[in-house]
Amino acid sequence: MRLLIVEDEKKTAAYLKKGLVENGFVVDIAANGEDGAHFALTNDYDLIILDIMLPGKDGWSVITEIRKEGKETPVLFLTARDSIEDKVKGLKLGADDYLIKPFSFSELLARVRSILRRAPGRQPELLKVADLEVDLARHKATRGGKRLDLSPKEFILLSFLMRRKGEVISRTLIAEQVWDMNFDSDTNVVDVAIRRLRSKVDDPFTSKLIHTVRGMGYVLEENKKE
Ligand code: CA
């Protein structure tokens, strides 16, 4: 998840960035409205945290500009202004939420997560196929309510297959996405990892969820005839 913080107070920006990075986000900072609008238009962020009082172009102008360009990135306004008119104005301009300074980091994080959860097309925190569940927030996988003991790589692999459930995924794509490497010549690594994952996810159960599609790759889905 990649976030943009548009904030001219260096200390606030640094504090937010640190906390968000610690929570697994990739964070860019823009120190003024010009840069903020430019970054927001040239990158694909999952969320923009936008201060209102900015030098030059204020937060309202930034959101107006990016919405006019058709960017629907969710926006969380961050501001010392606390009048109800400002709140209404922000929401009317297409902000998703509004947080008034001073605020606690835990409150900000909760708002960020709730916006990301309800944003259209965003990845849910709980992935489910049949009785198999992956809870991304808690880093926990269960099948039939029983916890699966997965290594970190197996967890990432399973989450990836579940996000793309029903899609046949090639070994090369799995290698790139899960190992972040180009395994062009040696996709055997993928087969080994899949075998190990199956021994935990499928072997103890009657209905199998991970299927091999000969010559193509793998697919995770329910009731596939092999
Ligand atoms: Ca400011």
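Each value in this text was obtained by applying a stated rule to the coordinates, not by laboratory testing. Just so we're clear, the structure is a prediction, and the values are computed from it rather than from any experiment. Neighbour counts are summed over all protein chains in view; Cβ atoms, including those assigned to glycine, are modelled from backbone coordinates with ideal geometry.
Some values worked out for this structure:
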item: Peptide ranges 61-74, 135-148 listed from the most packed, as the mean C-beta count within 10 angstrom indicates; result: 61-74, 135-148
item: For a label point 7 Å along the Cα-to-beta-carbon line of HIS139, residues of segment 185-220 with backbone N under 17 Å; result: none
item: Charge dipole (debye, nearest 20) of the chain; +1 at Cβ of Lys and Arg, -1 at Cβ of Asp and Glu; result: 820 debye
item: 0 to 90° range, to nearest 10: angle between helix 33-42 axis and the chain longest Cα axis; result: 30 degrees
item: Degrees, to the nearest 10: 105-118 long Cα axis against longest axis of the chain; result: 60 degrees
item: Mean shadow area of the chain, taken as a quarter of the surface of its Cα convex hull (nm²); result: 14.6 nm²
item: Over segment 126-220: Kirkwood hydrodynamic radius from C-alpha pairwise inverse distances, Å; result: 13.4 Å
item: Over 21 Å between alpha carbons, listed pairs LYS17/LYS165; LYS146/LYS208; LYS128/LYS208; result: LYS17/LYS165
item: Estimated dipole of segment 2-118 in Debye, rounded to 20 [Cβ of Lys and Arg +1, of Asp and Glu -1, Cα centre]; result: 280 debye
item: Rounded to 10°, Cα long-axis angle of helix 10-22 versus longest principal axis of the chain; result: 10 degrees
